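Reviewing the structure listed below.
The values are calculated or read from the model by the stated rules, or taken from the named source; none is laboratory data. If you're wondering where the values come from, they're calculated on a predicted model, not measured in any experiment. A quick note on method: Cβ atoms are made from the backbone with ideal geometry, for glycine too, and the neighbour counts reach across all protein chains shown.
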Amino acid sequence: MPKVPPEKCTKMALNGDEAVAYAVKQSLVDVVAAYPITPQTIIVERFSEFVANGEVHTEFIPVESEHSALSAIVGAAAAGA
């Protein structure tokens, strides 16, 4: 991956949750199944905004519990995501 020159970089002030959401965005994941519950609510909200705005091409599955999130991701992995 080529190095980006400093003049093309954007500096941002983020809290830890927002930084995680941006890291997931840069990871180019195929599927995200998430349940917004403390302490990661901001991560889920911010990443769902990226999906809604078309900033990432990820299948976002809002689920009803952490167990459902795990089940959805296991199914996605079995299907090749």
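Things to note:
- Ser71 being within 9 Å of the chain's Cα centre (by Cα), polar (S, T, N, Q) and either modelled with pLDDT of 95 or more or within 23 Å of Met12 (Cα to Cα) (or both): no
- Only a single criterion out of (1) under 19 Å from Ala81 (Cα atoms); (2) without any contact (Cβ under 8 Å) to a residue 40 or more places away in the chain; (3) not in a helix (DSSP H, G or I) is not satisfied by Phe47, namely (3).
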